[in-house]
Amino acid sequence: MAGTKRQQAIRKALRALAPGIPLSDAEAVLTLAERRHMKDLPPATALWLALGSHVRHVHTDYEQLLADGYEREAARFFIADETDAVLAGWGCQRSVSETGEAEEEALKAHLQR
């Protein structure tokens, strides 16, 4: 497997977390997880945040809710079940409602950038 140790760890985390993710989605998620502003996060945390972000923006009505004037947190609430359904379809056993405290803090810091 080519790439840095961090890239390898992120790929490994993706295979473990969402083994059925389509290749085009996997490539997009890996690109998000490897972005510079994610470099200070543990690989698994960066991957989870990137995975959630990708599903939210590409596979749900999140963007439309924001365009309709919903606040981020409200829009995320309304698309949580849809997000979880996409993740479950990819074999993910985790739910977006199960985001841990450390990941929440990382997400808040990420959103403030």
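The values are calculated or read from the model by the stated rules, or taken from the named source; none is laboratory data. These figures come from a predicted structure and were not determined experimentally. When we count neighbours, we look across all protein chains shown, and the Cβ atoms used for this are built from the backbone with ideal geometry, even at glycine.
Reported count of residues in segment 16-62, each being exposed (fewer than 13 other Cβ atoms within 10 Å of the Cβ) and part of a helix (DSSP H, G or I), is 6. Being within 21 Å of G91 (Cβ to Cβ), touching a residue at least 12 places away in the same chain (Cβ under 8 Å) and crowded, with 18+ Cβ neighbours inside 10 Å, is that true of even one residue in segment 63-78? There is no residue in segment 63-78 that is within 21 Å of G91 (Cβ to Cβ), touching a residue at least 12 places away in the same chain (Cβ under 8 Å) and crowded, with 18+ Cβ neighbours inside 10 Å. When the residues of segment 1-15 are filtered to those that are loosely packed, with under 12 Cβ neighbours inside 10 Å and not basic (K, R), which remaining residue is nearest to the chain's Cα centre (by Cα)? Only one residue fits best here, namely T4.
Scanning segment 79-113 for residues that are at pLDDT 90 or above, surrounded by fewer than 16 Cβ atoms within 10 Å (Cβ to Cβ) and not in a helix (DSSP H, G or I) yields G91, Q93, R94, S95.
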